[in-house]
1. Across 5 Å bins from the origin, how do the percents of Cα pairs in the range 45-112 run, short distances first?
2. So what is the relative contact order for the range 107-203, in percent, with contacts set as C-alpha pairs under 8 Å and at least six apart?
3. Hey, how much of the P(r) for the range 1-42 falls beyond 13 Å, as a percent of Cα pairs?
4. Quick query: amide H of Ser152 versus all other amide H atoms, modeled in the peptide plane; which residues come in under 5 Å with a sequence gap of 5 or more or a different chain?
5. Using the basic label-point model (7 angstrom from Cα toward the beta carbon), what is the Lys183 to Val9 distance in nanometres?
6. In the chain, what percent of the accessible surface is made up of carbon and sulfur (1.4 Å probe, ligands and nucleic acids excluded)?
7. Go through 118-124, 168-174 and give me the packing order, highest mean Cβ count within 10 Å leading.
8. Mind giving me the nanometre distance, one decimal, between the label points for Asp45 and Glu134, set 7 Å out from Cα along Cα→Cβ?
Amino acid sequence: HRNPDIYQVDNFLSDDECDRIIAKATPHLAPCLIKNESTGAIERDPSRTSTDANLPRAEAPSIVSKLTDLARCRADQLEILQILRYTQGQEFQPHTDGYAGPVSACGFEESNRLVTVFCYLNDVARGGSTYFPEMDVEIRPKKGMAVVHFPSDTELREDERTLHQGMPAIDDKLLLATWVWAKPRSDPNYDEKKLASLSTDVI
């Protein structure tokens with residue numbers, strides 16, 4: 001789709017890479033959390049009912065290389081890699097990945113998400129499509145396929161046309177997701193060394 005651009009990249013990850021990522025993350029999946037902007041408390045995300053786990057870059061250097069090549073960015077511009085699982089009935093309600101101007105979030109300061117990259121880790125026969133209502137574009141999950149779109153521009157202005165949602169799952173759906181920010185990740189609280197190891201398998 002053009003204007004705004006959405007790209008689908010078949011076979012971005014191999015079947016073996018997808019299977020190994022799933023094996024690493026599955027024992028560590030936990031409910032998605034979000035910071036309550038009013039109270040500062042960390043709470044379950046009411047808009048995203050999936051489970052997730054953070055994947056340290058050091059445990060997936062070949063995946064990081066593929067992501068930086070695809071997005072034409074540096075590794076320090078990548079948000080912490082997330083592995084997400086949606087089981088029957090779980091969904092991600094309509095949202096954009098960008099912010100209304102520069103923000104300090106997710107380890108980045110006075111920045112914004114320029115690029116969204118997510119990759120489906122399994123084939124999904126029923127449910128779980130990604131739907132962009134402003135463009136009436138529906139993307140069916142396909143193992144190894146990456147999807148790229150651009151939630152804000154280089155002036156850090158949010159593109160509301162990229163509103164999208166993860167439709168309710170019927171069969172299990174797993175994916176890897178990350179976002180490219182305009183500036184490097186700089187908050188020491190989000191240092192990769194602070195992430196818990198998932199396994200000894202280095203992909």
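1. 3, 13, 18, 20, 22, 18, 5, 0
2. It rounds to 42 percent for the range 107-203.
3. 73
4. Amide H neighbours of Ser152: Asp159.
5. Between Lys183 and Val9, the label points sit 2.6 nm apart.
6. Here it works out to 49 percent.
7. 118-124, 168-174
8. So the two model labels end up 1.9 nm from each other.
The values are calculated or read from the model by the stated rules, or taken from the named source; none is laboratory data. A quick note: this is a predicted structure, and the numbers were derived from the prediction, not measured. So basically every Cβ, Gly included, is an ideal-geometry build from the backbone, and we count neighbours across all protein chains shown. The area values use the complete protein model at the heavy-atom level, side chains included, leaving out ligands, DNA and RNA. Shrake-Rupley method; radii C 1.70, N 1.55, O 1.52, S 1.80 Å.
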